[in-house]
Structure formats: C-alpha cells, structure tokens
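Worksheet: one structure, shown below.
The values are calculated or read from the model by the stated rules, or taken from the named source; none is laboratory data. Small disclaimer: the values here were computed from a predicted structure and weren't measured. All Cβ positions, even for glycine, are placed from backbone atoms using ideal geometry, and neighbour counts span all protein chains on display. Ligands, DNA and RNA are stripped out before the accessible areas are found, and what is left, the full protein with its side chains, is counted by its heavy atoms. Shrake-Rupley method; radii C 1.70, N 1.55, O 1.52, S 1.80 Å.
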Amino acid sequence: MSNETRARATASPAVPPAAEVAGRRLRKLSLIWAGLFVPATVLAGIVALTTENAARCVGYGDGCGSTPGYAYLGSLAVAAVAFVIAQSAARTSVARTAFRVQFGAEAVFVMLVMTTFG
C-alpha cells in the first residue's frame, strides 16, 4: 500500500456528519408517521361513528357535517407532497420543515374525519 493510499484511507471520516444523521432520522420519522396515518384515520373514523350525531346522520340523513370534500383532498395532497419532499430533500432544514408540514396536514385530516358527523 502506498503512502498516498494510506493518507486517503485515514483522511476519510468513519462517522457520518451530523447533518447526514439528522437527515436519515427525519426521513425515518416521516416514513413512520406516514405509516401510522392509516391506523390513525381508521381510529378517528371509529370514534366519529360512536357519537349520537353519527347515528342520526347515518339513520336519518340529518345532522351530517358540512365540511366540503376539497378540504379532505387538500390536506391529503399537502401531506403527500410534504412526505415526498421530506424523503428526497438534501438539506436538513428543508426536510425538517417538510416533516412538520406533513405532520400538520395529517393532523388536520384526522381532525376533519373526527368532525365529519359534528
């Protein structure tokens, strides 16, 4: 092994930079929250169906929520775009912001599902 090869081998860092570790952690958190989104939505739907207004809405068509469908679609679209950005962003600050937007849009969607019959 030549001196130049040894110098290059010892100069390479063994531990990844902090930004790379933070980026991987944000991508993992984003993926976990995206995976938990479906069970949270199902649970919110079950909770919404246990209310008295839900029984009246399903049985008689009276007292149903008045939230327009585009609010649901809009929050889903924002969550999906934020998820893609959080997974593909090279800069940690962009990924962090996208993760926060994704989390907020998912929370808005779950709240909309819970207030469907309200």
Exercise. Could you work out the helix-only [θ] at 222 nm for the chain, with each DSSP H run of four or more residues adding -39,500 (n - 2.57) and the total divided by the number of residues, to the nearest 500 deg cm²/dmol?
Worked result: -27000 deg cm²/dmol
Seminar exercise, completed: Over the chain, with neighbouring protein chains present, the accessible area per residue in Å² at probe 1.4 Å is 67 Å²
Problem set entry | Size of electric dipole in segment 22-102: Cβ of Lys, Arg +1 and of Asp, Glu -1, about Cα centre, debye, nearest 20 | 740 debye
Exercise. When the Kirkwood hydrodynamic radius is evaluated over all pairs of different C-alpha atoms of the chain, what value in angstrom, to one decimal, is obtained?
Worked result: 17.1 Å
For this session: Would you tally the net charge around Thr116, using a Cβ to Cβ cut-off of less than 15 Å, leaving Thr116 out, and scoring K and R as +1, D and E as -1?
Result: -1
Seminar exercise, completed: Of the candidates Ala44, Phe103, Gly59, the farthest towards the positive dipole end of the chain (Lys/Arg Cβ +1, Asp/Glu Cβ -1, centred on the Cα centre) is Phe103
Exercise. How much accessible surface does Leu43 have with a 1.4 Å probe, in Å² rounded to 10?
Worked result: 110 Å²
Problem set entry | Span-like helix ranges in the chain, DSSP H, alpha carbon extent 27 angstrom or more, Kyte mean at least -0.5 | 18-49, 69-88, 92-114
